[in-house]
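Some notes on the structure that comes next.
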Amino acid sequence: MSQNLETFVKHVCRENGNDAGRMMDICRAVQAEFRCVSPEAMTLIAQECNCDRSQVEGVVSFYHFFSTKKQGEVVIWLCDDVIDEMKGSADVAEALKQELGVDFGQTTTDGKFTLGWTPCMGLPDQAPAAMINEELVTNLTGDKIREMVRELRAGASVKDLVKVPGDGMNADPRLNTMVSNNIRVKGPVIFADIENAVGLKAALAKTPEEVIEEVKTSGLRGRGGAGFSTGLKWMFTRGAEGEQKYIMCNADEGEPGTFKDRIILTECADMVFEGMTIAGYAIGSTEGVLYLRGEYAYMKEYLDSVLEERRDAGLLGKNVAGKEGFDYDIRVQLGAGAYVCGEESALISSCEGTRGDVKTRPPYPAQKGYKGKPTSVNNVETFASVNRIFVNSGQWFSATGSCGSSGTKLLSVSGDCKRPGIYEVPFGMKLIDFLKMCGGEDAIAVQVGGPSGELVNPDAFGRSIEYDDLATGGSMMVFGPGRDVLKVASKFLEFFVEESCGYCTPCRAGNVFIKERLDRIIDGKGDKDDIAYLEQLCNTVKVTSRCGLGQTSPNPVTSTLKNFRGEYESRIQENPDRMELSFDINAELTEAAAITGRMSEHF
Amino acid sequence: MEQNLEAITFTIDGVEVQGMPGQTILEAAEEAGIYVPRLCQLKGITPHGSCRVCTVKVGGSWTCAACTQPIYEGMEVDNSSEEIQTLRKDLVEMLFTEGNHYCMFCDKSGNCELQAMAYRMGIMAPKYPYIYPEAELDASHPDLFIDRNRCILCARCVNTAQEQDGKSVFDFAGRGPHKKIIVNGEKLSDTQLAAADKAADACPVGAILPKKGAYAKPVGARDYDDAPIGSDIEAKVCK
Ligand SMILES: Cc1cc2nc3c(=O)[nH]c(=O)nc-3n(C[C@H](O)[C@H](O)[C@H](O)COP(=O)(O)O)c2cc1C
Ligand code: SF4
Ligand code: SF4
Ligand code: FES
């Protein structure tokens with residue numbers, strides 16, 4: 001076994017150029033082969049890559065899908081998301097526990113199955129969902145998962161679980177997945193017909209400066225959430241000092257409720273790669289990296305084959321599309337389960353083979369990014385939009401959408417609505433019109449922009465979906481009558497606690513305290529002072545955190561305090577005696593009695 | 001300090017201060033005899049920016065860590081308003097309750113920067129609940145031990161070992177509330193850490209301590225017995 005391990009690690013490290021920068025790929029390979037990255041494997045990897053063992057341990061312990069303890073041959077990660085919960089993931093969990101005879105976090109004694117929870121995998125429109133090794137399974141029920149487990153136990157491979165593939169390219173043999181696109185409304189930017197290389201050639205006919213000008217004219221703003229001007233970002237990166245520069249495509253798509261990048265990559269991969277190539281030309285780069293979240297590993301082979309086709313067609317490689325002197329190529333980098341790696345500097349850390357820690361700013365990635373070189377990180381949808389801009393024009397693009405938010409936006413909709421899925425709508429659409437479109441007009445609340453966004457009440461349904469009003473990176477979760485918004489908020493806080501990188505105090509510790517107090521209120525043990533306590537605590541976390549994760553993690557609480565304050569007040573008891581309501585004296589005495597082995601005479 | 005054409009002029013709490021390009025707010029303030037509270041920052045080491053205790057407000061609108069934010073001309077820094085003090089107090093309280101800090105029998109008591117910071121800020125008892133995390137102690141090394149119960153994840157040991165001792169000794173594992181300090185090897189004695197290393201003396205709290213000579217400084221002669229933390233900086237007469 002040990003001999004095997006040594007041979008394998010040596011082989012994998014050599015394949016990755018004995019480069020510690022490729023730690024993600026190395027750890028992924030070792031994990032897949034041995035179902036863990038054991039302490040022994042860490043020592044070997046460090047030796048082979050000539051790096052610190054603690055770097056390897058740091059990486060292995062950071063990502064959700066790596067483990068130091070041996071996992072089962074089949075690992076079932078059930079999606080632990082608020083929408084999955086609404087759609088019955090508890091039944092699926094119960095069926096799994098019964099069928100396997102183990103709890104979550106455990107492995108069956110025969111070493112065959114491991115059971116685990118994982119946050120939103122980008123499938124809330126077909127929830128409950130799970131990831132079985134690298135295969136995504138959707139629309140689960142207790143019976144369905146039982147049947148799958150039986151099949152796997154009888155020797156079926158995970159691919160055999162796909163009986164009916166999903167729509168569109170999902171049925172392509174390179175994907176062959178049961179995942180569905182559920183595209184409900186097509187718009188003119190992303191889902192309109194497009195021909196390969198047309199946009200690229202139009203861009204290459206211009207100078208890089210003109211390309212940047214055109215993007216500025218389009219008014220395109222980043223689709224990943226922050227909404228920064230894409231043209232400006234490219235201008236800064238182009239202007240930054242450095243021979244080598246990099247383009248990174250952010251396909252981490254970790255914000256719960258967001259799944260639009262999955263559909264773009266499935267249906268419009270060429271658009272994305274073409275946008276990245278245009279970006280490379282604009283900033284003066286020869287290399288692009290697409291960072292794909294670990295949950296989307298099933299797409300890797302497909303995306304690699306699209307890249308290969310583009311190389312064959314001369315659209316990547318030396319003298320791209322016949323443009324003398326413009327050499328450019330792209331590779332796909334897989335993540336391994338970490339929401340924070342969607343933050344651009346953490347994404348870069350991850351690509352560099354270290355923990356997915358957020359970097360200190362300044363310097364910004366545009367000045368000092370991947371491998372210390374100027375880097376532009378943009379979202380999948382941003383790159384796809386760039387491609388359209390060069391097929392049509394910047395002028396054309398700026399004419400759609402609203403003032404300040406040009407173009408269209410892909411919205412990923414899930415929850416209590418009749419037609420969950422993907423909608424490409426022009427910016428500026430009123431929330432109420434959108435709810436009618438997706439069949440969610442009964443909503444009592446909508447989470448706009450995912451947990452880091454805002455939970456709005458019906459008073460806000462007249463507001464419009466655009467950067468300067470209701471901003472969203474694409475996540476729209478609809479909650480119908482009877483849903484408990486405080487429980488939703490608690491679930492989101494749980495997500496942030498687990499996904500915090502742990503670097504800075506307020507986010508690492510503060511979120512734990514926010515959740516504790518919120519849960520206390522939900523349990524009916526809240527005190528009047530708890531609202532003020534939460535308000536101050538949320539503010540501290542928001543303004544002192546080091547990155548966007550901590551700066552937005554209190555939002556589920558601050559937005560419910562603002563938009564659903566009655567939900568808090570109605571659960572808080574009058575407490576004239578100033579008793580500590582969460583203190584249960586009988587429970588404490590029972591515990592004390594158990595420790596001391598005797599009961600108090602007075603109780 | 002020699003006046004230089006390139007000097008940057010800015011204000012801290014309305015007082016005009018001069019600094020050099022590339023300096024952080026914390027560095028420039030310190031040279032001017034103004035103390036910005038800090039825990040993870042250690043002079044001469046790359047700032048880590050993790051404790052956030054040095055949080056300041058700039059231009060009345062945005063907050064940042066003074067230890068990592070470079071100064072610029074005309075910057076208006078708020079280092080002492082009630083708002084800023086509240087934020088800092090909250091952070092220090094969080095550090096106490098997320099770990100296991102039993103000051104009454106800690107060898108570092110009186111010399112501990114976390115404890116001294118709490119005294120300086122007038123914290124009597126933290127308002128957050130204690131988490132009581134389980135943490136490991138590593139006493140495998142002949143001269144030093146590491147007690148993770150008291151670690152505030154400041155990285156001062158990590159970076160001091162790297163930058164001043166030229167060794168890889170410490171690093172971090174895990175994330176979120178599970179983040180912890182680890183050593184480059186399976187245990188501390190596997191590392192190259194030596195008692196005389198700068199890293200052995202870099203810890204602001206009692207997480208890395210020598211095995212011999214506990215409670216060496218008597219009460220009354222400890223670092224913060226006479227004056228609050230930061231007094232040395234404030235006592236400096238500058239320019
Ligand atoms: C915690 C966190 C997670 C993020 N996740 C993503 C993500 O999954 N995809 C994305 O494009 N941007 C994400 N972002 C935003 C990125 O940091 C960055 O702004 C974006 O990729 C830039 O691309 P754009 O300008 O095209 O929007 C995240 C930010 C934070 C703070
Ligand atoms: S806010 Fe701090 S702890 Fe949270 S993810 Fe960002 S850097 Fe990490
Ligand atoms: S051991 Fe000490 S110096 Fe090292 S990170 Fe922890 S608190 Fe900081
Ligand atoms: S001293 Fe600045 S963040 Fe710790």
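The values are calculated or read from the model by the stated rules, or taken from the named source; none is laboratory data. All values derive from a computational prediction rather than experimental measurement. Positions of Cβ are backbone-derived with ideal geometry, glycine not excepted, and every protein chain shown enters the neighbour counts.
Among the residues of segment A:495-519, write down those that are over 18 Å from A:A346 (Cβ atoms), buried (at least 19 other Cβ atoms within 10 Å of the Cβ) and in contact (Cβ under 8 Å) with a residue 12 or more places away in the chain. Can you show your working first?
Here is the first cut: in segment A:495-519, the ones over 18 Å from A:A346 (Cβ atoms) are A:509-510, A:512-519.
From the residues that got through so far, the ones that are buried (at least 19 other Cβ atoms within 10 Å of the Cβ) too are A:509-510, A:512-515, A:517-518.
Once the filter is applied, which keeps residues that are over 18 Å from A:A346 (Cβ atoms), buried (at least 19 other Cβ atoms within 10 Å of the Cβ) and in contact (Cβ under 8 Å) with a residue 12 or more places away in the chain, segment A:495-519 yields A:G510, A:V512, A:F513, A:I514, A:K515, A:R517, A:L518.
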For segment B:1-87, give me every one of the strands (runs of 3 or more DSSP E) that falls completely inside it and has 2 or more residues that are farther than 23 Å from A:Y503 by Cβ. B:8-12, B:15-19, B:76-78
What are the pairs, 6+ residues apart or on separate chains, where a residue within segment A:273-300 that is polar (S, T, N, Q) has its Cβ under 6 Å from a residue that is part of a helix (DSSP H, G or I)? A:T277/A:L200
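Can you find, within segment B:134-157, the residue that is surrounded by the most Cβ atoms within 10 Å (Cβ to Cβ) among those that are closer than 13 Å to B:N100 by Cβ and within 16 Å of ligand 2 (Cβ to nearest atom)? Break it down stepwise before answering.
Taking segment B:134-157 first, the residues closer than 13 Å to B:N100 by Cβ are B:134-137, B:147-152.
From what's left, within 16 Å of ligand 2 (Cβ to nearest atom): B:151-152.
Numbers: B:C151: 22, B:I152: 26.
So, considering only residues that are closer than 13 Å to B:N100 by Cβ and within 16 Å of ligand 2 (Cβ to nearest atom), the one surrounded by the most Cβ atoms within 10 Å (Cβ to Cβ) is B:I152.
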Does B:D165 qualify as being among the acidic types (D, E), in contact (Cβ under 8 Å) with a residue 40 or more places away in the chain and more than 9 Å from chain A (Cβ to nearest Cβ)? no
For segment A:550-562, check the following and say yes or no: at least one residue is at pLDDT 95 or above, crowded, with 18+ Cβ neighbours inside 10 Å and within 16 Å of ligand 4 (Cβ to nearest atom). yes
Would you check which residues across segment A:1-42 are over 20 Å from A:Y291 (Cα atoms) and under 24 Å from the mean Cα position of the chain (by Cα) and list them? A:R35, A:C36, A:V37
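Considering segment B:62-71 alone, what residues qualify as being within 11 Å of another protein chain (Cβ to nearest Cβ) and either more than 23 Å from B:E113 (Cβ to Cβ) or not β-branched (V, I, T) (or both)?
B:W62, B:C64, B:A65, B:C67, B:Q69, B:P70
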Output the number of residues of segment A:502-525 satisfying the condition of being at negative phi, assigned to a loop (DSSP other than H, G, I, E, B) and out of contact with any Leu (no Cβ under 7 Å at 6 or more places or on another chain). 3
Out of A:M271, A:M248, A:M299, which single residue is outside any helix (DSSP H, G or I) and buried (at least 24 other Cβ atoms within 10 Å of the Cβ)? A:M248
Hey, among B:I71, B:I123, which residue is among the aliphatic types (A, V, I, L, M) and crowded, with 20+ Cβ neighbours inside 10 Å? B:I71
Close pairs from segment B:42-59: first at the interface with another protein chain (Cβ under 8 Å from one of its Cβ atoms) and under 15 Å from A:T540 (Cβ atoms), partner among the hydroxyl-bearing types (S, T, Y) and outside any strand (DSSP E or B), Cβ under 6 Å, at least 6 apart: B:C51/A:T505; B:R52/A:T505; B:R52/A:T544; B:T55/A:T544
Looking only at segment B:141-162, count how many residues are within 14 Å of chain A (Cβ to nearest Cβ) and more than 16 Å from ligand 4 (Cβ to nearest atom). 4
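Conditions (1) surrounded by 17 or more Cβ atoms within 10 Å (Cβ to Cβ); (2) within 22 Å of the chain's Cα centre (by Cα); (3) under 20 Å from A:G122 (Cβ atoms), marked per residue:
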residue: A:G407; (1), (2), (3): yes, no, no
residue: A:S412; (1), (2), (3): yes, yes, yes
residue: A:G421; (1), (2), (3): yes, yes, yes
residue: A:D433; (1), (2), (3): no, no, no
residue: A:A443; (1), (2), (3): yes, no, no
residue: A:G450; (1), (2), (3): yes, yes, yes
residue: A:D468; (1), (2), (3): no, no, no
The condition from (1) within 11 Å of chain B (Cβ to nearest Cβ); (2) more than 18 Å from B:E83 (Cβ to Cβ); (3) among the aromatic types (F, W, Y) that A:F564 misses is numbered (1)
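Could you go through segment A:565-579 and let me know if any residue there is polar (S, T, N, Q) and under 20 Å from A:V448 (Cα atoms). Reasoning before the result, please.
In the first step, residues of segment A:565-579 are kept if they are polar (S, T, N, Q); the result is A:570, A:573, A:575.
Still in the list and also under 20 Å from A:V448 (Cα atoms): none.
No, every residue in segment A:565-579 fails to be polar (S, T, N, Q) and under 20 Å from A:V448 (Cα atoms).
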Hey, does segment B:92-109 have a residue that's over 25 Å from B:G213 (Cβ atoms) and among the acidic types (D, E)? yes
Residue check: is B:G206 away from chain A (no Cβ under 14 Å), in contact with a Pro (Cβ under 7 Å, 6 or more places away or on another chain) and either surrounded by 13 or more Cβ atoms within 10 Å (Cβ to Cβ) or in contact (Cβ under 8 Å) with a residue 40 or more places away in the chain (or both)? no
When segment B:182-212 is checked residue by residue, the ones that are in contact with a Lys or Arg (Cβ under 8 Å, 6 or more places away or on another chain) and more than 11 Å from ligand 3 (Cβ to nearest atom) are B:N184, B:G185, B:T191, B:Q192, B:L193, B:D197
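Search segment B:46-64 for residues being under 23 Å from B:A235 (Cα atoms) and under 13 Å from the mean Cα position of the chain (by Cα), and hand back the single one that is surrounded by the fewest Cβ atoms within 10 Å (Cβ to Cβ).
Pass one, segment B:46-64, residues under 23 Å from B:A235 (Cα atoms): B:53-56.
Remaining after also requiring under 13 Å from the mean Cα position of the chain (by Cα): B:53-55.
Values: B:V53: 29, B:C54: 27, B:T55: 25.
Only one residue fits best here, namely B:T55.
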Looking at segment A:382-395, can you tell me whether even one residue there is under 25 Å from B:C67 (Cβ atoms), in a helix (DSSP H, G or I) and not aliphatic (A, V, I, L, M)? no
Report, by residue number, each residue of segment A:351-377 that is touching a Phe, Trp or Tyr at 6+ places or on another chain (Cβ under 8 Å), within 20 Å of A:I45 (Cβ to Cβ) and either in a loop (DSSP other than H, G, I, E, B) or within 12 Å of chain B (Cβ to nearest Cβ) (or both). A:E352, A:R355, A:G356, A:D357
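Look through A:R483, A:R463 and report the one residue that is in contact with a Leu (Cβ under 7 Å, 6 or more places away or on another chain) and more than 14 Å from chain B (Cβ to nearest Cβ).
Values: A:R483 fails: in contact with a Leu (Cβ under 7 Å, 6 or more places away or on another chain).
Residue meeting the stated conditions: A:R463.
Looking only at segment A:524-560, which residues are among the β-branched types (V, I, T), within 13 Å of chain B (Cβ to nearest Cβ) and more than 16 Å from ligand 1 (Cβ to nearest atom)?
A:T540, the sole residue that qualifies.
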Out of curiosity, is B:D78 touching a helix residue (DSSP H, G or I) at 6+ places or on another chain (Cβ under 8 Å), away from ligand 4 (no atom under 15 Å from the Cβ), more than 8 Å from chain A (Cβ to nearest Cβ) and on the phi < 0 side of the Ramachandran plot? yes
With the requirement that a residue be away from ligand 1 (no atom under 14 Å from the Cβ) and out of contact with any Lys or Arg (no Cβ under 8 Å at 6 or more places or on another chain), what does segment A:493-515 give you? A:A509, A:G510, A:V512, A:F513, A:I514, A:K515
Can you find, within segment A:318-342, the residue that is nearest to ligand 3 (Cβ to nearest atom) among those that are on the phi > 0 side of the Ramachandran plot and surrounded by 14 or more Cβ atoms within 10 Å (Cβ to Cβ)? A:G337
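With respect to A:G421, is the statement that it is of a type in the set (G, A, S), under 26 Å from A:G219 (Cβ atoms) and outside the structural domain of A:V380 (by TED's automatic domain parsing) true? Break it down stepwise before answering.
Working: of a type in the set (G, A, S): yes; under 26 Å from A:G219 (Cβ atoms): no; outside the structural domain of A:V380 (by TED's automatic domain parsing): yes.
Judged against the criteria, A:G421 is not a match.
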